[in-house]
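Novice: Just dropping this structure here.
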Amino acid sequence: APMGDFITGLPKAELHLHIEGSLEPELMFALAERNGVAIPYANIEEIRAAYHFSRLQDFLDIYYAGAAVLLTVRDFHDLAAAYFDRAAADGVVHAEIMFDPQTHTARGVSFDTVITGLLSAMEEAETKHGMTTKLILSFLRHLDEADAFETLEAARPWLDRIAAVGLDSSELGHPPEKFARVFAAARALGLKSVAHAGEEGPPDYVYQALDLLAIDRLDHGNRSLEDPVLVARLARTAMTLTVCPLSNLKLCVVDDMVAHPIDRMLRAGLRATVNSDDPAYFGGYIADNYRAVEAARGLTRADLVTLARNSFLGSFLPDDAVAAHL
Ligand code: ADE
Ligand code: ZN
């Protein structure tokens, strides 16, 4: 079968997906109308035309502005339902999705509204697509520690539905150490943890995420490759890296897909995975990301199988469920 069909047909887990980043221009436009929210675009083409970024912050400004159309339980449900439908079509059988509650609570949308909509779409996806799902509450690192603690407090009634906490948004100038106490509190509540590190930030931020946040999984991690001692540690500890090739290209973390380090990561013994990050903004869902690195780096079918296998090994599924996917 052609490589594209092989990739789509490969059962895989998605471990790095911001649900707000799956808001397609069509749905953004429809929700803006449904909710009477003004957006700075006259039509869908104008929205797409705005998606040119030269660094992470360029994207974040547009991503937070786009999220302003999300107001009701139904909006969050529709957003996530569209993502699960699209992911299922790409062969995703397990998805661990991140959400940014502070993006919404700052606009007066309650934590409960956001999570109620997301959870209903997760339940629906489990029946409709036979997939399993988990939810990761991500803190915005450009906000302060107190704001993160308030968010963790808002999550208290929902802890049995949340698998982990995460850390995202503007990396440079907001090192992991800023959130060491929040992550310790989350861990004490029984949550796992992930953090974006080494996307734009230096290897030192990856060390901080490991040593001060005690992360269970590393989001991106690209710049770890600058430090051979760090690479050896990540390999030895079987740390999962959730790599996002199309995101890396659009945010200029790599200059060209032919220079993407995914295969170097695998050869270095890293447990690398391929994910879509913010598919509505970066030009593709998970199978597009697999295809992009396969084409640019000449990955073999064995490499693609390794990437998919790593996605289950790096998931927060219980051991017996992981084993059933291998
Ligand atoms: N929020 C959504 N996508 C992100 C990314 N790639 N890096 C940091 N924060 C994000
Ligand atoms: Zn991300």
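Novice: To make sure I understand the rule: partners must be lysines, Cα under 30 Å from the Cα of K12, and not fewer than 8 residues away in the same chain. Which ones qualify?
Specialist: Straight-distance partners of K12: K128, K134, K192, K250.
Novice: When averaged across all projection directions, what area in nm² does the alpha-carbon convex hull of the stretch 113-259 cover?
Specialist: 10.1 nm²
Novice: At a 10 Å Cβ-Cβ cut-off, how would you order V293, V109, V254, fewest neighbours first?
Specialist: Exposure proxy ranking, most exposed first: V254, V109, V293.
Novice: Quick one: among I262, I136, I44, which has the greatest mean-square fluctuation in a GNM of the chain with alpha-carbon springs under 10 angstrom?
Specialist: Checking each option, the largest mean-square fluctuation is seen for I44.
Novice: Here's something else I'd like to know. P(r) for the stretch 195-326: what percent of alpha-carbon pairs falls in each 5 Å bin, starting at zero?
Specialist: 2, 11, 21, 24, 21, 14, 6, 1, 0
Novice: How far is it, in nm, from the label point at D61 to the one at A30 when both lie 7 Å from their Cα along the line to the Cβ?
Specialist: The modelled label-to-label distance comes out at 3.0 nm.
Novice: Restricting things to alpha carbons, find the Rg to Rh ratio for the stretch 156-202 using the Kirkwood radius for Rh.
Specialist: In the stretch 156-202, Rg relative to Rh is 1.02.
Novice: D for the stretch 17-162, whole µm²/s, Stokes-Einstein with Kirkwood Rh over alpha-carbon pairs at 37 °C and 0.692 mPa s: what number?
Specialist: My calculation gives 206 µm²/s for D.
Novice: May I ask you to list the residues of the stretch 111-150 whose amide nitrogen lies under 18 Å from a point 7 Å from Cα along the Cα→beta-carbon direction of E177?
Specialist: 141-146
Novice: For D160 and S54, compute 0.36 nm times the residue count separating them, minus their Cα-Cα distance, and round to one decimal in nm.
Specialist: My answer for the length gained is 34.3 nm.
Novice: List the residues whose amide H sits under 5 Å from the amide H of T240, counting only those 5 or more places along or on another chain, with H placed 1.01 Å from N in the peptide plane.
Specialist: L218
Novice: Mind giving me the nanometre distance, one decimal, between the label points for D5 and R264, set 7 Å out from Cα along Cα→Cβ?
Specialist: 3.5 nm
Novice: So what is the diffusion coefficient of the chain in µm² per second by Stokes-Einstein at 20 °C and 1.002 mPa s, using a Kirkwood Rh over Cα pairs?
Specialist: Details: Rh = 19.6 Å.
Estimated via Stokes-Einstein, D reaches 109 µm²/s.
Novice: Related question: Ranked by Cβ crowding within 10 angstrom, fewest neighbours first, how are E26, E199 ordered? Let's see the in-between values first.
Specialist: Numbers: E26 13, E199 23.
With the fewest neighbours first, E26, E199 line up as E26, E199.
Novice: How big is the C-alpha Rg of the stretch 105-187 next to the rule-of-thumb value 2.2 N^0.38 Å, as a ratio?
Specialist: 1.20
Novice: Using only DSSP helix segments of four residues or longer, with each worth -39500 (n - 2.57), what per-residue ellipticity at 222 nm results for the chain after dividing by its residue count and rounding to 500? Show your work: numbers first, answer last.
Specialist: Details: 17 runs with 162 residues, N = 326.
Estimated from H runs of four or more residues: -14500 deg cm²/dmol.
Where a number appears in this text, it was derived from the coordinates with a stated rule and is not lab data. What you see is a predicted model, and the numbers here were worked out from it, not measured in a lab. Cβ coordinates were reconstructed from backbone atoms using ideal geometry, including for glycine residues, and neighbour counts include every protein chain displayed.
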